[in-house]
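Presented below is the structure to which this report refers.
Bear in mind that the values in this text are calculations on the coordinates, not laboratory data. Everything quoted here is computed from the prediction, not taken from an experiment. No Cβ is skipped: glycine too gets one built from the backbone with ideal geometry, and neighbour counts run over all protein chains shown.
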Amino acid sequence: MSIPDDIKIGILGAGGKMGLRISANLQKLPNEIFYIENAETGIQRLTASGLKVSDPAEIMARVNVLIFAVPDILINKISTAVVPELKPDTTVILLDPAAAW
């Protein structure tokens, strides 16, 4: 995988099953990665993996790419809260694009 080094990536739901898989793969990149999680068990998993959990209020306006690794049923609720905080031209990636529809 090759993306410019200055691209900052956020993983929303980083401590869940899919979030941890994505996080493990993205750690191989030189890019700055932000691990976002609000569930206590997910935070514990990230911490146990040696990853620092980021405060979404501090990083949403900094990321160039935001990956939604959240349950499908929560996409609408979360995107309504999160997307307005992103800077223009931020790429949002959904693991199951049909879920948003």
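One table, with the values for the structure above:
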{"read-out": "Environment charge at I33 (Cβ cut-off 11 Å; Lys +1, Arg +1, Asp -1, Glu -1)", "value": "+2"}
{"read-out": "Lys pairs under 20 Å by Cα in the chain, provided they are eight or more residues apart or on distinct chains", "value": "8"}
{"read-out": "Simple spin-label estimate for D96 and N25 in nanometres, 7 Å along Cα-Cβ", "value": "1.7"}
{"read-out": "Mean Cα-pair separation over length for the chain, i.e. relative contact order, pairs under 8 Å, 6 or more apart, %", "value": "29"}
{"read-out": "Lys, Arg +1 and Asp, Glu -1 on Cβ, resulting dipole of the range 14-96 about Cα centre, debye, nearest 20", "value": "240"}
{"read-out": "Euclidean distance between Cα centres, the range 59-97 to the range 33-48, Å", "value": "17"}
{"read-out": "Rough spin-label spacing in nm, given labels placed 7 Å along Cα→Cβ, for I7 and E85", "value": "2.2"}
{"read-out": "Sequence of T41, T90 once ranked by neighbouring C-beta atoms within 10 Å, starting from the fewest", "value": "T41, T90"}
